[in-house]
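*Asks:* Here it is, the structure, as structure tokens.
Nothing in this text is a laboratory measurement; each read-out follows from the coordinates by a stated rule. Just so it is clear, the model here is predicted, and its values are computed rather than measured. Backbone-built Cβ (ideal geometry, glycine too); neighbour counts: all protein chains shown.
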Amino acid sequence: MNHLMAKIRKRGNDNKYRKITSDDNFYKLPEDLDNPIEYLPDHNLDEDSWFVISEFSKKPYCLDILKNNFESVEYLQLEKLEIDKIDFIFSYQDKNEYYFQRVLSSHIVSKKLLYIGDAFEFKENTKFIVINDIPDAIYLKDQDKLYFKKLTSITSIFKGIEELYKEATEEETREFLEQSFICLDQGFSSEKVKKSNRKRIALAMDTMKNFNSDEKKKIFDYIKDYCPNLERKKGAFVVKSDEDLKSILYGIDQRYYTTPVKNEKRIANSIIPINESFK
């Protein structure tokens, strides 16, 4: 049986996976998986190509749910109040095929809908999840291989997989720090950027290539809301340390969120409150 599942943001060690629906096939196995390319950070994929990571279950960023046999009875049904907590969804299909899609705020839509089927049906204030035609990642358990097109699309699904990302070069690091939304202070320079942030810079640069001007403004407002301790000068974020830079890079990666109960601000994939994590 096929199942559509959701991973929700939730504190503690309780099971964070939920069943959404069963029986339906939400994706088809692409026909262009025959000649995948083992992941290389500098390789530019052709439109009809995929990256692959072999022996994926042995990697530290493989999800535990992929290492065990899938049993739907182990999971609760998704509740309506949990929809806004969804991190990602995956469709388990055809015995050991897993199709993953990250869920951004833009994927959860509330609209008035007129269903056109055997009969017309109008629904007001309907909330639904937009499912893409092509998944962000595919895991074929029998092959133990993960297929994907963009690493930036799956870093929020497979925690730690960003370690595969290349480090930004010294030139790329300087170029990023010279962006108009950054203002360096207290002698901070590219020479003081640590290895972990160089990888985040490379990731952020690729992410921002896909943003238009309105989306960039939303990202900067988002960083301002979640990082009130970051100083601003003439509209730019003041960077005095590697920690200041990390706050901005986390914002570009949209890692911050607010819990629906108590409105606690947190970093995605962590239960550490933001105020504590930046002390």
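*Asks:* Which distance in nm do the two modelled labels at HIS43 and GLU82 give, with both placed 7 Å along the Cα-to-Cβ direction?
*Replies:* 3.7
*Asks:* Order the peptides 157-166, 119-128, 178-187 from the highest to the lowest mean number of other Cβ atoms within 10 Å of their residues.
*Replies:* 157-166, 178-187, 119-128
*Asks:* How much length is gained on full extension from SER22 to ASP242, taking 0.36 nm per residue of separation minus their Cα-Cα distance?
*Replies:* Additional length available on full extension: 74.6 nm.
*Asks:* For TYR75, which sequence-distant residues (separation of 5 or more, or a different chain) have an amide H within less than 5 Å of its own amide H, given hydrogens modelled in the peptide plane?
*Replies:* Under 5 Å from the amide H of TYR75 lies no amide H from a residue far enough along the sequence or on another chain.
*Asks:* About its Cα centre, how strong a charge dipole does the chain have in debye, to the nearest 20, once Lys and Arg get +1 and Asp and Glu get -1 at the Cβ?
*Replies:* 1420
*Asks:* Right, here's the next one. Can you tell me the FRET efficiency between ASN210 and ASN263 if r is taken as the Cβ-Cβ distance and R0 is 30 Å, rounded to the nearest 0.05?
*Replies:* The calculated FRET efficiency here is 0.50.
*Asks:* Right, something else. How about the range 1-109: which trypsin sites (Lys or Arg not before Pro) there are in a DSSP loop, with at most 13 other Cβ atoms within 10 Å of their Cβ?
*Replies:* Sparse-neighbourhood loop trypsin sites (Lys or Arg not before Pro): ARG11, LYS28, LYS95.
*Asks:* Long-range amide H contacts for LEU184: which residues qualify at under 5 Å (H placed 1.01 Å from N, peptide plane, sequence gap of 5 or more or a different chain)?
*Replies:* Correct list: VAL239.
*Asks:* Could you go through the range 251-265 in sequence order and give the Karplus-derived ³J(HN,Hα) for each residue, using 6.51 cos²θ - 1.76 cosθ + 1.60 with θ = phi - 60°, rounded to whole Hz, and x for Gly and Pro?
*Replies:* Working through the residues one at a time gives x, 4, 7, 6, 8, 8, 8, 10, 6, x, 9, 6, 6, 7, 8 Hz.
*Asks:* DSSP loop (so not H, G, I, E, B), at most 10 other Cβ within 10 Å: list which trypsin sites (Lys or Arg not before Pro) in the range 172-261 pass both filters.
*Replies:* For trypsin sites (Lys or Arg not before Pro) across the range 172-261 that sit outside H, G, I, E and B with at most 10 neighbouring Cβ atoms in 10 Å, the list reads LYS234.
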